[in-house]
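Quick notes on the structure that follows.
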């Protein structure tokens, strides 16, 4: 069986500067796969290219057998691939409910109401605040909203870009637990994180990015136990 | 007191016209941060669209029922022009430095004015447009004014104010109660993330141009009815005033455009009546209007309703 998402020899540049220098990785259906690495390693660039917001210089991105590099960004969500972007990027002047409904913008079916309730069940605080403008929320609440919004498209695969960034330890744990919950509910997840330990603990597979290249890969457990990873990302000597 | 009430009526009329045009500046700016300086010409083309519709279908008649048909003709002319303009001139410049589309806008403005001036009269049956062209007389609109108390309310003025009220309600419903309206808000707040939601940003940009053109076309008809003639350069000053109104209200903010338009209209009318001496009277009204533009830009660049003025990161 071929992978759900297959990235091959991907090169992305901003002008003359190469941000991603020929990386390859794959995500199988039902897995949680994580890309870890420091700031500027090319993690966000990779996700934005998969979503069509950036175009690669070369290489291929195949999602469920389809070449994504030829699909417009706004058509990708309909293929079953959702992206919760770095910095949450909720629509600040719209209410929680309006934000969530925008997540279902590309859908035409009748299940949207039910999925709104499902998002509220996943994060009950969103139900309490459904008619408040989202810009007034704390970072953790905005992260929940961003994830709920991405799930409103009923994705087969969800890409999460640094969901734990700037969150309190308690909130971080809450978000990471949700990642596992979503996996159990059948969503495949590509998780980008700077918090390597939290990400690797939950990942079936991990890739370590350094200045645009993959330098290490393996199962989540292998990487957690690898000396290189421990030194570079987990702050151990 | 009568003079005040009269100027209030005049100001609301003028302000409604500015507001209808200003919405077009502000919706487009809110989505792509472009000041479409050719928008005044879309207003002018609306007026000519209404006139053309009348000439083709109703020449010589004055019945009131023709007015809605003329308005449809006006909207069609303005919308088609605006959509072609976006497609042919602005879309290829998306992502170019901001000066490029701005200069282009000025170019389109001259192009459209000269196009109407030189070519309108060449169409068989259409009058020469190098000078003022008389606008059709419509029963019930161009007739006797109403005179409550000692003030004069022209019927065409009442039509203008009513047009603004109807358009503002329609716009509110569109922006807040339809899926496309919501998508438009999303694009103006964060275009990249809007694309991740599956929103086709190019389509939303076209929608913004269509909304602006529709309201400008209605304003064009209102202006024709009030002044009873139209000309190819009517969009220039009206466009600049409406731009001032949009800035005054807070460019990018739809309700700011309405408020800014009404405020500017009232200030202009009051200045004509109440500023004494050399600086009073109608010759100075444009000076007052643009003095407001300068004051707003210096002291409150975000406008009355404080929309964003900083560029997004």
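Starting from residues that are in contact (Cβ under 8 Å) with a residue 40 or more places away in the chain and more than 14 Å from chain A (Cβ to nearest Cβ), keep the ones in the stretch B:166-195 and report whichever is nearest to residue B:220 (Cα to Cα). Among residues in the stretch B:166-195 that are in contact (Cβ under 8 Å) with a residue 40 or more places away in the chain and more than 14 Å from chain A (Cβ to nearest Cβ), the one nearest to residue B:220 (Cα to Cα) is B:167.
Residues that are under 11 Å from the mean Cα position of the chain (by Cα), buried (at least 19 other Cβ atoms within 10 Å of the Cβ) and more than 7 Å from chain B (Cβ to nearest Cβ) within the stretch A:77-103 comprise A:81, A:82, A:84, A:88, listed in sequence order.
Select from the stretch A:131-154 the residues that are crowded, with 16+ Cβ neighbours inside 10 Å, in a loop (DSSP other than H, G, I, E, B) and in contact with a strand residue (DSSP E or B) (Cβ under 7 Å, 6 or more places away or on another chain) and list them in ascending order.
In the first step, residues of the stretch A:131-154 are kept if they are crowded, with 16+ Cβ neighbours inside 10 Å; the result is A:133-134, A:137, A:140-154.
Still in the running and in a loop (DSSP other than H, G, I, E, B): A:137, A:152-154.
Passing the criteria: only A:153.
Residues in the stretch A:104-130 that are assigned to a helix (DSSP H, G or I), closer than 23 Å to residue A:189 by Cβ and away from chain B (no Cβ under 13 Å): A:114, A:115, A:116, A:117, A:118, A:119, A:120, A:121, A:122, A:124, A:125, A:126. Mind counting the residues in the stretch A:22-33 that are over 18 Å from the mean Cα position of the chain (by Cα) and buried (at least 17 other Cβ atoms within 10 Å of the Cβ)? Of the residues in the stretch A:22-33, 0 are over 18 Å from the mean Cα position of the chain (by Cα) and buried (at least 17 other Cβ atoms within 10 Å of the Cβ).
Tally up the residues in the stretch B:119-142 that are part of a helix (DSSP H, G or I) and touching a residue at least 12 places away in the same chain (Cβ under 8 Å), please. It would help to see each step written out before you state the result.
Let us first name the residues in the stretch B:119-142 that are part of a helix (DSSP H, G or I), namely B:119-122.
Checking which are touching a residue at least 12 places away in the same chain (Cβ under 8 Å) leaves us with B:120.
The qualifying residues number 1.
Scanning the stretch B:198-231 for residues that are in contact with a strand residue (DSSP E or B) (Cβ under 9 Å, 6 or more places away or on another chain) and within 14 Å of chain A (Cβ to nearest Cβ) yields a count of 0. Tell me whether the stretch B:67-90 contains one or more residues that are in a loop (DSSP other than H, G, I, E, B), without any contact (Cβ under 8 Å) to a residue 60 or more places away in the chain and on the phi < 0 side of the Ramachandran plot. No, the stretch B:67-90 contains no residue that is in a loop (DSSP other than H, G, I, E, B), without any contact (Cβ under 8 Å) to a residue 60 or more places away in the chain and on the phi < 0 side of the Ramachandran plot.
Among the residues of the stretch A:63-73, those that are over 17 Å from residue A:10 (Cβ atoms) and either more than 14 Å from chain B (Cβ to nearest Cβ) or touching a residue at least 24 places away in the same chain (Cβ under 8 Å) (or both) comprise A:64, A:65.
Checked against (1) buried (at least 23 other Cβ atoms within 10 Å of the Cβ); (2) more than 14 Å from residue A:82 (Cβ to Cβ), residue A:190 passes all but a single condition, namely (2). Of the helices (runs of 4 or more DSSP H) lying entirely inside the stretch B:165-255, those containing at least 1 residues that are within 18 Å of residue B:42 (Cβ to Cβ) span B:201-227, B:234-249. Scanning the stretch A:34-64 for residues that are farther than 17 Å from residue B:192 by Cα, at pLDDT 95 or above and surrounded by fewer than 17 Cβ atoms within 10 Å (Cβ to Cβ) returns A:57, A:58, A:60, A:64. The single condition among (1) within 14 Å of another protein chain (Cβ to nearest Cβ); (2) within 30 Å of residue A:214 (Cβ to Cβ); (3) out of contact with any strand residue (DSSP E or B) (no Cβ under 9 Å at 6 or more places or on another chain) that residue A:39 does not satisfy is (1).
The values are calculated or read from the model by the stated rules, or taken from the named source; none is laboratory data. This is a predicted model, so every value here is computed, not measured. As a convention, Cβ positions derive from the backbone with ideal geometry for all residues, glycine included, and neighbour counts pool all protein chains shown.
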